[in-house]
Amino acid sequence: MLGPTGSGKTDLAVALAQHFHTEIISTDSRQFYKGMAIGTAQPSADQLAAIPHHFIADRTPEQELSAGAYEREALARLEQLFTQYDVVVAVGGSGLYIDALCEGFDELPSDTAHIRTELMQRLASEGLESLCLQLAELDPAYYQVVDRHNPARIVRALEVCLASGRPYSEQRTATKRTRPFKILRIGIEWPREELYERINRRVDMMIEDGLEAEARSVYHLRHLSSLQTVGYREMFDYFDGTISRDEAIELIKRNSRRYAKRQMTWFRRTPDIEWIMKKDVEKAKKIVEIFCEE
RNA sequence: GGUGCGAUGGCCGAGUGGCUAGGCAAAGGUCUGCAAAACCUUCUACAGCGGUUCGAUUCCGCUUCGCACCU
C-alpha cells in the first residue's frame, strides 16, 4: 500500500489487515523510530493494539536503518510471516524502501559507514570539486552520468568504489530480484487540492497532539539523519530562535506538501500500481481478492 | 478640490532608451544502503491610452488606482 503522505495509507492498511486476518509491515523510513510517533504519524495505539505491526517504533533514532539493511531485515521478517499468513500488508510512502523490498538492490559492500564519515569530512574541508575529481578517476563511466552538483550521489559512488576497490557503475546491474511471494501494489490517489488540505489539517492536528514537546524530547538527537525529518527540523529551528512558532508550523505544512509531491513523482514511474481514489476500503479489498484468486 | 510620491510576472524586489536582475511561492523532474534526504529544470513582467524616438518597461502628457500631506 503506497501513496503520498496524508493519503490515508495507515487506516486503509489496518482495515485490510483486519479483513484478511494478517499483520502489517511498514515501508516508511521514519516510522521505524521510537520517540517520533506524532511527527511521523505512526499508527495510533488502538491500531497498534488491533493489528501487529512490524518496523514501527522498534528502534531508537540512533539505530538508523538504511534502505539496504531494511531490505535484508524486512525480507527475513516476511519469510517468518508467510509461514503463518497467505497475505501480508506492507504500507508506507518511502519510495526507495518500497523498491528495496520489492525489487532489491545489487550486492554492494555494506559497513561502509566509516568511509562515508571520512568522505563527509573531506566534502566539508576540500569541497565537492575534489570528490568529483576522484570519482572521475575511479569511475569515469558513472561520473559521466551522475548529477555532479549532488553531494549525496558523489559521496555514495565514491564510498562504494573505495570500499570495493571497483567502479560503482560496474556493480550496478539494475536487475530486479524475484521474491518468494507475489506483490500487489495499491496506490492511494487524491486530487492535489484535497490532498494538500488534508496535509495542512493533519499538521494542525499534530501540533494539537503535542508535536512541539515530542520534538523537544529528541532535540538532542537533531544531528542524526533519522531526525532530518519534516516536522522536527522546523521545530528545531524554532527552538533555536531562527524562526517563530507560527513560521515553523507553516514550514512544516509546506515541506509536507513538497514531500508529497516528490513521492508522487516517484510513484508515477513505479510500474503496475493499482490506483484507487481516496480511501476506498471496499475497492482495495476487492483488488486484493482478485489478485489472490489469480 | 489641490500638491507630492508611487504603480514591475502568483508574491517580494532591483534596474535599464535597444542587451531575459534576483529571491520566494508553484509546477515538472532525478533517484540502487543518509531518501520525510540530496539535487536538477521551468515560469520574458513592467497599470491604461497617447506622444517623442530607428527603437520605450525606461523620457513626456493624460487617465485610472494606491499612499502621504494641504484645503
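Where residues in segment A:48-83 are aromatic (Phe, Trp, Tyr) and assigned to a helix (DSSP H, G or I), which of them is farthest from RNA strand B (Cβ to nearest atom)?
If we filter segment A:48-83 for residues that are aromatic (Phe, Trp, Tyr), which is where we start, we get A:55, A:70, A:82.
From the residues that got through so far, the ones that are assigned to a helix (DSSP H, G or I) too are A:70, A:82.
Numbers: A:Tyr70: 8, A:Phe82: 22 Å.
Out of the qualifying residues, it is A:Phe82.
Got a sec? Which of A:Ile276, A:Ile243 is free of Cβ contacts under 8 Å to residues at least 12 places away in the same chain, in the same structural domain as A:Ala213 (by TED's automatic domain parsing) and touching a helix residue (DSSP H, G or I) at 6+ places or on another chain (Cβ under 8 Å)?
Values: A:Ile276 fails: free of Cβ contacts under 8 Å to residues at least 12 places away in the same chain.
Only one candidate qualifies: A:Ile243.
Before we move on, is A:Phe236 surrounded by 14 or more Cβ atoms within 10 Å (Cβ to Cβ), more than 17 Å from A:Pro4 (Cα to Cα), among the hydrophobic types (A, V, I, L, M, F, W, C) and touching a residue at least 40 places away in the same chain (Cβ under 8 Å)? Spell out the reasoning first.
Numbers: surrounded by 14 or more Cβ atoms within 10 Å (Cβ to Cβ): yes; more than 17 Å from A:Pro4 (Cα to Cα): yes; among the hydrophobic types (A, V, I, L, M, F, W, C): yes; touching a residue at least 40 places away in the same chain (Cβ under 8 Å): no.
So A:Phe236 fails the test.
Residue under question is A:Leu211, and the condition is that it be crowded, with 17+ Cβ neighbours inside 10 Å and without any contact (Cβ under 8 Å) to a residue 24 or more places away in the chain; does it hold?
Taking the combined requirement at face value, the residue does not satisfy it.
Which condition does A:Gln31 not pass, out of (1) buried (at least 19 other Cβ atoms within 10 Å of the Cβ); (2) in a helix (DSSP H, G or I), if it passes all the others?
(2)
Go through (1) of a type in the set (D, E, K, R); (2) assigned to a loop (DSSP other than H, G, I, E, B); (3) within 25 Å of A:Ala15 (Cα to Cα) one by one and return the number of the condition A:Asp106 breaks.
Of everything listed in (1) of a type in the set (D, E, K, R); (2) assigned to a loop (DSSP other than H, G, I, E, B); (3) within 25 Å of A:Ala15 (Cα to Cα), A:Asp106 misses just condition (3).
I'd like to verify a number: residues in segment A:162-175 that are surrounded by fewer than 17 Cβ atoms within 10 Å (Cβ to Cβ) and within 10 Å of RNA strand B (Cβ to nearest atom), how many? Give the derivation first.
Going through segment A:162-175, the residues surrounded by fewer than 17 Cβ atoms within 10 Å (Cβ to Cβ) turn out to be A:164-166, A:170-175.
Of the ones still in play, those that are also within 10 Å of RNA strand B (Cβ to nearest atom) are A:171-175.
Of the residues in that region, 5 qualify.
Considering every residue within segment A:141-148, establish whether at least one is near RNA strand B (Cβ under 10 Å from one of its atoms), part of a loop (DSSP other than H, G, I, E, B) and farther than 26 Å from A:Pro4 by Cα.
To start, the set of residues in segment A:141-148 that are near RNA strand B (Cβ under 10 Å from one of its atoms) comprises A:142, A:145-148.
After this cut, where a residue has to be part of a loop (DSSP other than H, G, I, E, B) as well, the list is A:146-148.
When the remaining residues are screened for being farther than 26 Å from A:Pro4 by Cα, the result is A:146, A:148.
Yes, that holds for at least one residue.
Taking the options A:Arg257, A:Arg269, A:Arg262, name whichever one is surrounded by 15 or more Cβ atoms within 10 Å (Cβ to Cβ), under 29 Å from A:Val203 (Cβ atoms) and among the charged types (D, E, K, R). Steps first, please.
Working: A:Arg269 fails: surrounded by 15 or more Cβ atoms within 10 Å (Cβ to Cβ); A:Arg262 fails: surrounded by 15 or more Cβ atoms within 10 Å (Cβ to Cβ).
The unique qualifying residue is A:Arg257.
Would you confirm, using the coordinates I've provided, whether A:Tyr143 is closer than 30 Å to A:Ile287 by Cβ and among the hydroxyl-bearing types (Ser, Thr, Tyr)?
On the way: closer than 30 Å to A:Ile287 by Cβ: no; among the hydroxyl-bearing types (Ser, Thr, Tyr): yes.
No, not satisfied.
Is there a residue being within 19 Å of A:Gln263 (Cα to Cα), in the same structural domain as A:Arg198 (by TED's automatic domain parsing) and within 15 Å of the chain's Cα centre (by Cα) anywhere in segment A:41-53? Show your work before the answer.
Start the filter on segment A:41-53 by keeping residues that are within 19 Å of A:Gln263 (Cα to Cα), which leaves A:41-42.
Remaining after also requiring in the same structural domain as A:Arg198 (by TED's automatic domain parsing): A:41-42.
Remaining after also requiring within 15 Å of the chain's Cα centre (by Cα): A:41-42.
Yes, some residue in segment A:41-53 is within 19 Å of A:Gln263 (Cα to Cα), in the same structural domain as A:Arg198 (by TED's automatic domain parsing) and within 15 Å of the chain's Cα centre (by Cα).
Go through (1) under 30 Å from A:Ala141 (Cβ atoms); (2) part of a loop (DSSP other than H, G, I, E, B) for A:Pro180 and report which single condition fails.
Going through the list (1) under 30 Å from A:Ala141 (Cβ atoms); (2) part of a loop (DSSP other than H, G, I, E, B), A:Pro180 breaks only (1).
Suppose the filter is touching a helix residue (DSSP H, G or I) at 6+ places or on another chain (Cβ under 9 Å), within 12 Å of RNA strand B (Cβ to nearest atom) and not aromatic (Phe, Trp, Tyr); does A:Glu159 pass it?
Values: touching a helix residue (DSSP H, G or I) at 6+ places or on another chain (Cβ under 9 Å): yes; within 12 Å of RNA strand B (Cβ to nearest atom): yes; not aromatic (Phe, Trp, Tyr): yes.
For A:Glu159, the condition - touching a helix residue (DSSP H, G or I) at 6+ places or on another chain (Cβ under 9 Å), within 12 Å of RNA strand B (Cβ to nearest atom) and not aromatic (Phe, Trp, Tyr) - is met.
The values are calculated or read from the model by the stated rules, or taken from the named source; none is laboratory data. The structure presented is a predicted model; accordingly, all values stated were derived computationally and were not measured. Neighbour counts run over all protein chains shown; Cβ positions are idealised from the backbone, glycine included.
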